[in-house]
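Below is one structure, written out as structure tokens; comments come after it.
The values are calculated or read from the model by the stated rules, or taken from the named source; none is laboratory data. These numbers were taken from a predicted model, which means no experiment stands behind them. A quick note on method: Cβ atoms are made from the backbone with ideal geometry, for glycine too, and the neighbour counts reach across all protein chains shown. Just the protein is used for accessible areas: all its heavy atoms, side chains included, with ligands, DNA and RNA removed. Shrake-Rupley method; radii C 1.70, N 1.55, O 1.52, S 1.80 Å.
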Amino acid sequence: MTIEFKTETVQLHVNGRVATVELNRPESLNSLNVEMLKGLAAVLKEISQSSEVDIVVLRGKGRAFSSGGDIKTMLLEANEEDFPIVMDCISEVVATLYTMPKLTISAVTGAAAGLGLSIALATDYIVADKSSKLAMNFIGIGLIPDGGGHYFLEKRLGEDKAKHLIWEGKPLTAEEAFMLGLVHDVAESLEEVLEAKLQLLLNSPIQAMIETKTILAEKNTPQLLRVLELEKEGQHKMRQSQDHQEGIQAFLEKRRPVFIGK
């Protein structure tokens, strides 16, 4: 495969019909910056066009799947014009992952938080290590979910439960996420469960499964794209709020934020 945008922050390994895409910023718990998002979009688009690959595994190197958006990117107040670029990269990653004519699996270890969780939810299967934590925790810094978080949570949980999970923003254990229907498997040994899932899929009529995915994706993609656009607009508004500025400051100072509703 020839990847147009190459970056060390995203690694691609192909073994037969399985492509593994690894987020590679372990020192920051695979927080997603612009470089990683662009690299991820390029890799996923390339895989989408490959006739040799049927399954894509998305995972994080080191101790976490992804801790979410890079906090440094959020601090680029002087470069607010970069914000639409970041949000467009996020939308490109999510839409490509959701619609690609492959079966996709997120292998979650450690944290899958914020944007990291949104991206995991865009895949067809989530296999979570028993010790992992999942959180839609944008609310902690006065923001809203992006990466299609609203769309995917509503699809899985319904509107009422999705709203309350977003508003609470609390971390979920893998078991709690499984009980809610956010993940499909909880693994004592992630590698064993992942390998068993891969073997099951590789010995299934996978093209029929992909065709079902394609039909549903074509039906639902217009709604997903609309939600991504609404999230872009809403996130821009939230970034201007006093509560967001307080949330970021509290995060940096490692204290509880004091929100005022402004």
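For the range 164-229, which GluC sites (Glu not before Pro) are in a loop by DSSP, counting at most 11 other Cβ atoms within 10 Å?
Values: sites: E168, E175, E176, E188, E191, E192, E195, E211, E218, E229; in loops: E188.
Answer by residue number: E188.
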Checklist entry - Top mean-square fluctuation among N15, N24, N137, Gaussian network model of the chain, C-alpha springs under 10 Å? => result N15
Next on the checklist: For a quick check, take a GNM of the chain with Cα springs below 10 Å and name the residue from H13, H150, H244 with the largest mean-square fluctuation.
Outcome noted: H13
Item to check | Extension gain (nm, one decimal) between K155 and L202, 0.36 nm per residue minus Cα-Cα | outcome: 14.2 nm
Checklist entry - Where in the range 215-251 does the label zone of V258 land, with the point 7 angstrom along Cα→C-beta and an amide N cut-off under 19 Å? => result 241-251
Next on the checklist: If you take every DSSP beta bridge fully contained in the chain, what fraction is antiparallel? Give it as a percent rounded to 5.
Outcome noted: 25 percent
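Let me have the relative contact order for the chain, percent, based on Cα pairs under 8 Å that are six or more residues apart. Spell out each step's value before the answer.
On the way: 471 pairs, mean separation 43.1, N = 262.
In percent, rounded to a whole number, it is 16.
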Checklist entry - Simple spin-label model, 7 Å along Cα-to-Cβ: S241 to D82 in nm? => result 2.4 nm
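Among the listed pairs K161/K254; K61/K197; K61/K133; K72/K232; K133/K163, give every one whose C-alpha distance is greater than 22 Å. All intermediate terms of the calculation are to be shown ahead of the outcome.
On the way: K161/K254 29 Å; K61/K197 20 Å; K61/K133 16 Å; K72/K232 18 Å; K133/K163 19 Å.
K161/K254, as the Cα separations exceed 22 Å there.
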Checklist entry - Restricting the count to DSSP beta bridges whose residues both fall in the range 110-235, what percent are antiparallel, rounded to a multiple of 5? => result 25 percent
Checklist entry - Of K61, K45, K72, which is the most mobile in a GNM of the chain whose springs link Cα atoms less than 10 angstrom apart? => result K72
Checklist entry - Taking a 1.4 Å probe, which of K232, K213, K254 shows the most accessible area, and what order do the others take after it? => result K254, K232, K213
Checklist entry - Under the classification rounded if a/c is under 1.5, otherwise prolate if a/b is larger than b/c and oblate if not, where does the range 75-146 fall, given a ≥ b ≥ c as square roots of the Cα gyration tensor eigenvalues? => result oblate
